[in-house]
Amino acid sequence: MSSTAKFRKLGIVSAVAFAGLTAANAVHADNWRYAHEEYEGDVQDVYAYAFKEYIEDNSEHTLQVYRFGELGESDDIMGQTLSGILQFVNQSPGFTGSLIPEAQIFFIPYLMPTDMDTVVEFFRESEAINKMFPKLYADAGLELLQMYPEGEMVVTANEPIEKPSDFNNKKIRVMTNPLLSATYEAFGATPTPLPWGEVYGALQTNMIQGQENPIFWIESGGLYEVSPHLTFTKHGWFTTASMANKDFYDGLPEEDQQLIQDAADYAFDEIIVHINGLAEKSLEKIKEASDEVTVTRLNDEQIEAFKARAPQVEDKFIEMTGESGKKLLNQFKEDLKEVQSDKE
Ligand code: 6CS
């Protein structure tokens, strides 16, 4: 073969190899879809964009983020994830509780501590969160990536709430899981389960007289405009979770699974920084925006009156979840004891 012919052949071989490599890269560069339940700049959005940043900085993949309303309500984005239209979803146990009853554990009042350092350590270290929940989510077709806190729950109502009887004859909106209804029943209210999209209008038209949410959401969703009396009851934290469709996740190469886990860890760390001081800043914004708002912080004695009603909700949780819920609750309590003793 002449040298020109040799070079021509080498050129063809390289072109084929290059085309092959490009094809391999192209196959590997996917565009994944991720939906969450909140608006621009809210906690779940900050988490989603940190997750996206990590994925895009460390791979050829891209991530498209959809916010609240772009693809429907929380239950819609979960349905789309389970059917494989979306690869990732962020849904809060407040809604997932109707699919995975054990996820309702976050609605047993006064189970979680309210001080942020303890809560954060609990999410990082807890065996119930990091070992038991992934199995429960897997049984529902979901790869649980991260559970994380968004903020302390605060009640808003048409009047300040100081004692359980102040809840009498008030319809209080709850997310759509039955245990949260049991909590508000125990507190003396009439629980009204509603998807997020209906809450502002229902408060505005007095179809409901109150609701609960973390302060940043009360500010960003403008809830204080239509429900101006804020009460810090210290009964729980708003928790949420990021997850993937399990079939999609299981079908990925190990390298991509690791990338996703690392992205979830990265986003968790970003969120812990983001929520530090967020409630205080949001409360300041609310006070600046409205003269009507009142803030009630229950004292220990007032809290006791609500706390005394928690055991009946715990019983209800066991009734709804059986052995599996009992085991989870025991582990949850053990994990909490451990992080609390670390803090002493
Ligand atoms: O109350 C709700 O339904 C909403 N609350 C928050 C903090 N995030 C999303 C959720 O849908």
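Values quoted throughout were computed directly from the atomic coordinates according to the rules given, and no laboratory measurement underlies them. Note that this is a predicted model, so its numbers are computed, not measured. Backbone-built Cβ (ideal geometry, glycine too); neighbour counts: all protein chains shown.
In this label model, Glu53 and Tyr200 are separated by 2.7 nm, measuring between points 7 Å along each Cα→Cβ vector. Within the chain, which complete DSSP H helices have Cα atoms spanning at least 24 Å along the helix axis and a mean Kyte-Doolittle hydropathy of -1.0 or higher? Helices passing the filter in the chain: 3-28, 254-275. Annotation: amide H of Ser92 within the under-5 Å range of Ala241, sequence separation 5 or more or interchain, hydrogens built in the peptide plane. For Lys234, the aspartates and glutamates whose Cα falls under 16 Å of its own Cα, not counting residues fewer than eight places away in the same chain, are Asp115, Asp117, Glu150, Glu152, Glu162, Glu212, Glu280, Asp300, Glu301, Glu304.
Rounded to the nearest 500, the helix-only mean residue ellipticity at 222 nm of the chain stands at -16000 deg cm²/dmol, with each DSSP H run of n ≥ 4 adding -39,500 (n - 2.57).
Could you put Arg67, Arg297 in order, starting from the residue whose Cβ has the fewest other Cβ atoms within 10 Å?
On the way: Arg67 17, Arg297 12.
Lowest to highest Cβ neighbour count: Arg297, Arg67.
Stokes-Einstein diffusion for the chain, with the hydrodynamic radius set to the Kirkwood value over Cα pairs and evaluated at 20 °C in a medium of 1.002 mPa s, equals 99 µm²/s. The modelled label-to-label distance for the pair Glu40/Arg124, using points 7 Å beyond Cα in the direction of Cβ, is 3.3 nm. Antiparallel beta bridges, as assigned by DSSP with both residues in segment 156-238, represent about 40 percent of the total such bridges. Simple spin-label estimate for Lys285 and Gln331 gives 3.7 nm between the two label positions (7 Å along the Cα-to-Cβ direction from each Cα).
When the pairs Lys287/Lys333; Lys163/Lys285; Lys171/Lys343 are compared against a 31 Å limit on Cα-Cα distance, Lys287/Lys333; Lys171/Lys343 fall above it. Excluding same-chain neighbours fewer than eight residues apart, the lysines reachable from Lys326 by a Cα-Cα span under 18 Å are Lys131, Lys135, Lys316, Lys337.
State the antiparallel share, in %, of DSSP beta bridges confined to segment 129-270, rounding to the nearest 5. Could you put the intermediate results ahead of the total?
Values: 17 of 23 bridges.
Taking every DSSP beta bridge with both residues in segment 129-270, the antiparallel ones total about 75 percent.
Exposure proxy check: Met175, Met320, Met112 ranked by fewest other beta carbons within 10 Å? Show your work: numbers first, answer last.
On the way: Met175 24, Met320 16, Met112 21.
Ranked by crowding around the Cβ, least crowded first: Met320, Met112, Met175.
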